[in-house]
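The values are calculated or read from the model by the stated rules, or taken from the named source; none is laboratory data. Since the structure is predicted, the reported quantities are computational estimates derived from the model, not experimental observations. Neighbour counts are summed over all protein chains in view; Cβ atoms, including those assigned to glycine, are modelled from backbone coordinates with ideal geometry.
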Amino acid sequence: MARTLTDLANDLERRVGTLDKQASDAAVEVALTIIGDLVFKTPVDTSKALSNWQVTLNEPVSDSIAPFYPGKGGSTQKASAQAALNAARAVLRGKKPGDKIYLSNVLPYIRRLNDGYSGQAPAGFVERAALLGRKQTKKVKIKF
């Protein structure tokens, strides 16, 4: 317990400093929830669409990437999804308080897939992932 106003001010300053880190860690948890769902729910043929769920800090991606594990008929779905998730984790390990997280997929046909074009996933899998992220935010506990 603080004995003087200076002690109280110093204690509050220390606690506020931990809030930024806790909020940053919570943002990482939410991003991982969303990207994890996206890479495992995106319809797969060649693994290109799921591999292009990219996580960046402070600015969105502008270019697409090649599939992590090219395949046919969804044959590389699990390997590519795990690689995409690992790539996201690697980026998020570098997140500092104040950094913005972007989850992007710049492929021109990702919207069509989300609209239900493929029979592998119902329409709205992107919105579903966002809802899961929202649920994750409700589980976050930030201590002051």
Odd one out for Phe68 among (1) in contact with a Ser or Thr (Cβ under 9 Å, 6 or more places away or on another chain); (2) among the aromatic types (Phe, Trp, Tyr); (3) part of a helix (DSSP H, G or I): (3)
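Kindly establish whether Pro43 is within 24 Å of Gln136 (Cα to Cα) and either modelled with pLDDT under 95 or in contact with a strand residue (DSSP E or B) (Cβ under 9 Å, 6 or more places away or on another chain) (or both).
Taking the combined requirement at face value, the residue does not satisfy it.
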Matching residues, the range 102-131, being of a type in the set (A, V, I, L, M), part of a loop (DSSP other than H, G, I, E, B) and touching a residue at least 60 places away in the same chain (Cβ under 8 Å): Ala121
For Gly73: the one exception among (1) assigned to a loop (DSSP other than H, G, I, E, B); (2) within 20 Å of Lys135 (Cβ to Cβ): (2)
Some residue of the range 83-92 being assigned to a helix (DSSP H, G or I) and without any contact (Cβ under 8 Å) to a residue 24 or more places away in the chain: yes
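Every residue, every condition in (1) of a type in the set (Phe, Trp, Tyr); (2) farther than 14 Å from Val106 by Cα, yes or no:
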{"position": "Leu19", "(1), (2)": "no, yes"}
{"position": "Ser24", "(1), (2)": "no, yes"}
{"position": "Glu29", "(1), (2)": "no, yes"}
{"position": "Ile35", "(1), (2)": "no, yes"}
{"position": "Phe40", "(1), (2)": "yes, yes"}
{"position": "Pro43", "(1), (2)": "no, yes"}
{"position": "Thr46", "(1), (2)": "no, yes"}
{"position": "Gln54", "(1), (2)": "no, no"}
{"position": "Glu59", "(1), (2)": "no, no"}
The range 99-144 - residue that is over 13 Å from the mean Cα position of the chain (by Cα) and basic (Lys, Arg) and, of those, surrounded by the most Cβ atoms within 10 Å (Cβ to Cβ): Arg128
Candidate set from the range 38-54 (those that are in contact (Cβ under 8 Å) with a residue 60 or more places away in the chain and in a helix (DSSP H, G or I)); member that is surrounded by the fewest Cβ atoms within 10 Å (Cβ to Cβ): Lys41
